[in-house]
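So the structure is just underneath, and the comments pick up after that.
The values are calculated or read from the model by the stated rules, or taken from the named source; none is laboratory data. Not measured: the values here are computed from a predicted model. Note that we place each Cβ from the backbone using ideal geometry, even for glycine, and neighbour counts take in every protein chain shown. Protein only, heavy atoms only, side chains kept; ligands, DNA and RNA dropped before computing areas. Shrake-Rupley method; radii C 1.70, N 1.55, O 1.52, S 1.80 Å.
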Amino acid sequence: MPEPKNRIGEILLNKGIITPEQERKAAEVQARSPDRKFGEILVHDLGVDHHTVFSELARLYAFREIDLKPEQLDEGRVKFIKDILDGLPEEVRNAAVAKQALPFKPVEGQRDVLMVITPDPTDREVVSLAVRFGYRRPEVFYARRDAVEDLIRKVAPPKHDLLDFIEKAG
């Protein structure tokens, strides 16, 4: 009896995003580690380009994609994101940064809807975190990982505990 195919793997294979060998290897890894997602395995274990895989997954799961342009990341936008993150309990803030789930802006014409950006909109924890951002309804958007990482460096730079300690002691 032939092995059941992974639906996502089949779609990515049919679109020429992955090779039959990559599909097979990812399916083998997923069979051994069923808690891991197929896309994650392709990117982290098999070196397939993150944007190529996750932009297709975003389309497949009907997430909209946002192309973060420098003009969208003005001081006001950075302050908006930073203010929301800084207003969260520390564990929620840290989890949002670790999951790369960032509040981006209210959806135009819908003050209670918040656009949340992430390089992995298929991660269910992103929505769980996004509901804590203070808006009635989060709407998750896919954004390129490198753009989200650059934005995180602006709004939540890594803390340097030793430098903080020296500053406070000085």
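Residues being of a type in the set (A, V, I, L, M, F, W, C) and buried (at least 19 other Cβ atoms within 10 Å of the Cβ): count how many of those fall in segment 122-138.
Taking segment 122-138 as the starting set, the residues that turn out to be of a type in the set (A, V, I, L, M, F, W, C) are 126-127, 129-131, 133.
The next check asks that each one be buried (at least 19 other Cβ atoms within 10 Å of the Cβ); those that pass are 126, 129-130, 133.
Of the residues in that region, 4 qualify.
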Filtered residues of segment 109-122 (kept if free of Cβ contacts under 8 Å to residues at least 40 places away in the same chain and either closer than 11 Å to Y142 by Cβ or assigned to a strand (DSSP E or B) (or both)): Q110, R111, D112, V113, L114, V116, T118
Residues satisfying the stated conditions in segment 83-108, i.e. surrounded by 16 or more Cβ atoms within 10 Å (Cβ to Cβ) and either without any contact (Cβ under 8 Å) to a residue 24 or more places away in the chain or assigned to a helix (DSSP H, G or I) (or both): I84, L85, R93, A95, A96, V97
Counted residues, segment 71-82 - those being open to solvent by less than 60 Å² (accessible area, probe 1.4 Å) and not in a helix (DSSP H, G or I): 1
Within segment 32-70, tally of residues that are in a helix (DSSP H, G or I), farther than 26 Å from F104 by Cα and open to solvent by less than 80 Å² (accessible area, probe 1.4 Å): 3
